[in-house]
Amino acid sequence: MKLKEVLLGTHSFEAMKIFYGSLLDLQVVEEGPSRLSFQVGESVLGFQESSHMENEFYHIAFTIPTNKFIEAKWAINRGISLISRHQEDEFFFENWNATAFYFYDPDQNLVEFIAHHTLDNAVAEAFGSHSILRISEIGLPVDDVPEDSRIITETFQLNSWGGAGQKFVPLGDVEGSFIVTDKQRPWFPDDRLPTVFSIRVLFEGICSARLSLHNGSYELRST
């Protein structure tokens with residue numbers, strides 16, 4: 001499964017333009033009065049300005065090359081502070097064989113750089129914005145994880161992988177996944193409770209299908 005386009009809301013339109021376009025040095029592929037999108041390797045990340053957003057935030061992850069995790073901390077040199085937990089800012093997930101670090105963007109979205117060590121994506125060149133390979137995860141907080149996971153699975157013929165439970169189910173695969181999580185389960189590593197706001201996702205899946213979830217907050221479409 002590959003996440004091709006993800007569209008999120010924002011209440012910090014100009015600040016997001018600077019953060020993703022200048023600090024992370026991502027190429028702008030669309031820019032309008034209230035909508036902005038960036039090329040993230042094989043994916044496109046878009047933001048739609050919304051006056052209805054207050055304290056809502058998202059969780060989104062980006063895949064980086066398996067051998068460039070330390071170099072990817074180039075983000076720190078650009079003025080981006082990493083999130084620490086118990087004085088650590090690097091986190092290894094044994095069941096995924098992956099290493100990640102996290103930071104915030106101007107909307108306080110929980111942003112993750114993750115190196116999946118099962119992927120054959122090592123590169124020789126120095127780390128830069130071109131090394132951000134794709135969007136690999138988008139969080140979908142819901143009321144009923146088993147039921148919503150069942151609906152997504154049946155609609156798109158996806159599988160759970162890497163540690164499914166009653167409160168947390170990754171759907172997809174190592175290339176890309178929906179992180180279906182209970183709204184009362186805090187996000188790792190900052191322990192904030194998830195919030196719900198508009199998410200639009202276009203992804204490359206097994207079949208062509210469309211699904212609306214959480215009273216229309218989530219619009220998922222596969223090709």
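Using a probe of 1.4 angstrom and keeping all protein chains present, the accessible surface of the chain works out to 45 square angstrom per residue. In this structure the amide hydrogen of N159, modeled in the peptide plane, comes within under 5 Å of the amide hydrogens of G172, none closer than 5 places in sequence on its chain. Our coupling estimate for region 162-171, obtained by passing each phi through the Karplus curve with A = 6.51, B = -1.76, C = 1.60 and θ = phi - 60°, is x, x, 7, x, 6, 10, 7, 9, x, 10 Hz, Gly and Pro reported as x.
In region 2-86, the alpha-carbon atoms span a convex hull of 127 Å³ per residue. The charge dipole of region 82-223, taken about its Cα centre with unit charges on the Cβ of Lys, Arg, Asp and Glu (plus for the first two, minus for the last two), comes to roughly 380 debye.
Under 10 °C and 1.306 mPa s, how fast does region 150-223 diffuse according to Stokes-Einstein, given a Kirkwood radius computed over C-alpha pairs? Answer in µm²/s, whole number. Answer, rounded: 121 µm²/s. Close amide H pairs (under 5 Å, H built 1.01 Å from N) link T195 with F57, residues at least 5 positions away or on another chain. All C-alpha to C-alpha distances of region 93-191, sorted into 5 Å bins beginning at zero, yield P(r) values of 2, 11, 20, 24, 19, 14, 7, 3, 1 percent in whole numbers. Were the residues from C207 through I18 laid out at 0.36 nm apart, the gain over their Cα-Cα distance would be 64.4 nm. Legend: calculated FRET efficiency, T118 to D143, from the Cβ-Cβ distance at R0 = 25 Å, rounded to 0.05, equals 0.20. Here the accessible area is traced with a 1.4 Å probe on the protein chains. For the chain, carbon and sulfur cover 47 percent of it.
For the chain, relative contact order (Cα pairs under 8 Å, six or more residues apart, normalised by length) works out to 24 percent. A simple spin-label model places pseudo-atoms 7 Å from Cα toward Cβ; at T195 and I76 they are separated by 2.9 nm.
Would you please give the FRET efficiency between D25 and D89, computed as 1/(1 + (r/R0)^6) with r the Cβ-Cβ distance and R0 = 35 Å, to the nearest 0.05? Once rounded, the FRET efficiency stands at 0.95. Across region 210-223, computed HN-Hα scalar couplings (Karplus, 6.51 cos²θ - 1.76 cosθ + 1.60, θ = phi - 60°) run 9, 8, 10, 10, 6, 6, x, 5, 10, 10, 10, 9, 10, 10 Hz from first to last residue, x flagging Gly and Pro.
Rounded to the nearest 5, what is the percent of antiparallel bridges among the DSSP beta bridges in the chain? Spell out each step's value before the answer.
Values: 44 of 66 bridges.
Taking every DSSP beta bridge with both residues in the chain, the antiparallel ones total about 65 percent.
Would region 94-138 count as rounded, prolate or oblate if I go by the C-alpha gyration tensor, calling it rounded below 1.5 in a/c and otherwise prolate when a/b exceeds b/c, oblate otherwise? It is oblate, given that a/c is not under 1.5 and a/b is not larger than b/c.
Per the Debye calculation on the chain with a single equal scatterer at every Cα and no solvent contribution, log₁₀ I(q)/I(0) for q = 0.12, 0.15 Å⁻¹ amounts to -0.61, -1.00. In summary, the aspartates and glutamates within cross-link reach of K17, defined as a Cα separation below 15 angstrom excluding same-chain residues under 8 places away, comprise D25, E30, E31, E49, D105, D107. Residue by residue, region 149-156 carries 3J(HN,Hα) couplings of 5, 4, 5, 5, 4, 5, 5, 10 Hz when phi is fed to the Karplus relation 6.51 cos²θ - 1.76 cosθ + 1.60 (θ = phi - 60°); x denotes Gly or Pro. Extension gain for the segment E154 to K167, taken as residue separation times 0.36 nm less the Cα-Cα distance, is 2.8 nm to one decimal.
The values are calculated or read from the model by the stated rules, or taken from the named source; none is laboratory data. Source: prediction; values computed, not measured. Ideal geometry is used to build each Cβ from the backbone, glycine not excepted, and the neighbour counts take in all protein chains shown. SASA here: full protein model, heavy atoms, side chains in, ligands and nucleic acids out. Shrake-Rupley method; radii C 1.70, N 1.55, O 1.52, S 1.80 Å.
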